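The values are calculated or read from the model by the stated rules, or taken from the named source; none is laboratory data. Every value quoted in this text rests on a predicted model; they were computed, and no experiment measured them. When we count neighbours, we look across all protein chains shown, and the Cβ atoms used for this are built from the backbone with ideal geometry, even at glycine.
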Amino acid sequence: MRQRRRGGALPAWALVLPFVVGWIVVDLRWSAELTAKAAQTWQAFAGRTLDERHLAMEDSDLYRTVSLARSQLPGTPQRIFVGSDFDVFRMRAAYYLYPHNVLPFGWYDAKAMRPGDFVFLYQKADMRFDATNHALIWPDGSKSTVTAVLAQTGAGLFRVE
């Protein structure tokens, strides 16, 4: 696709050159951003223990809460139902609670639980803990008798009775 300009043919490199220059500019910019991000990551996480790295992440509050809950759990793997209004918190809590048998999905029914199971809630607005009656109140109004193992504002670990 050559054009004629003043009687001469336009060389092929003149058509390709703007594309190649643009590609190089975008690639250099991407490389500079990648290098800056790698430097930030190195500064935030290099030389730290695994716990310190988790505490430096965006979900450090969740990690602290799960760490407190894990310290209250028996050493043998337990069945733990994890609930949160946010999928990312539910899945991260499940990850932090392994090697326990963690169920982060499809359990929002009191009938799915049996005595001895645990329920970990983090930022779950439609469920409440009634401390006077030792009960979890479900969105539909039903109640499950539980023992509070760890109860904080916006989070808790409960043992089903």
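Among the residues of segment 25-36, is there at least one that is closer than 30 Å to Val160 by Cα and of a type outside the set (Lys, Arg)? So far as segment 25-36 goes, no, none of its residues is closer than 30 Å to Val160 by Cα and of a type outside the set (Lys, Arg).
Within segment 53-85, being exposed (fewer than 12 other Cβ atoms within 10 Å of the Cβ) and either among the charged types (D, E, K, R) or more than 30 Å from Trp138 (Cα to Cα) (or both) holds for one residue alone: Glu58.
When the residues of segment 115-129 are filtered to those that are in a strand (DSSP E or B) and free of Cβ contacts under 8 Å to residues at least 40 places away in the same chain, the one that is nearest to the chain's Cα centre (by Cα) is Leu121. The residues in segment 86-125 that are surrounded by 17 or more Cβ atoms within 10 Å (Cβ to Cβ) and hydroxyl-bearing (Ser, Thr, Tyr) can be counted, and the count is 2.
Does Gln40 satisfy the condition of being over 21 Å from the mean Cα position of the chain (by Cα) and closer than 30 Å to Gly154 by Cβ? Answer is no for this residue. Among the residues that make up segment 98-114, is at least one of them polar (S, T, N, Q) and in contact with a strand residue (DSSP E or B) (Cβ under 7 Å, 6 or more places away or on another chain)? The answer is yes, given that some residue of segment 98-114 is polar (S, T, N, Q) and in contact with a strand residue (DSSP E or B) (Cβ under 7 Å, 6 or more places away or on another chain). For segment 130-148, the set of residues classified as part of a strand (DSSP E or B) and surrounded by fewer than 17 Cβ atoms within 10 Å (Cβ to Cβ) consists of Asp130, Ile137, Lys143, Thr145, Thr147, Ala148, listed by residue number. Being in a loop (DSSP other than H, G, I, E, B) and either of a type in the set (S, T, N, Q) or at pLDDT below 90 (or both) is the filter here, so list the residues in segment 72-95 that pass it. Within segment 72-95, Gly75, Thr76, Gln78, Ser84 meet the criteria.
For segment 38-68, the tally of residues that are touching a strand residue (DSSP E or B) at 6+ places or on another chain (Cβ under 9 Å) and farther than 19 Å from Phe86 by Cα stands at 1.
Against the list (1) loosely packed, with under 10 Cβ neighbours inside 10 Å; (2) of a type in the set (Ser, Thr, Tyr); (3) closer than 30 Å to Asp117 by Cβ, the condition Thr49 fails is (3).
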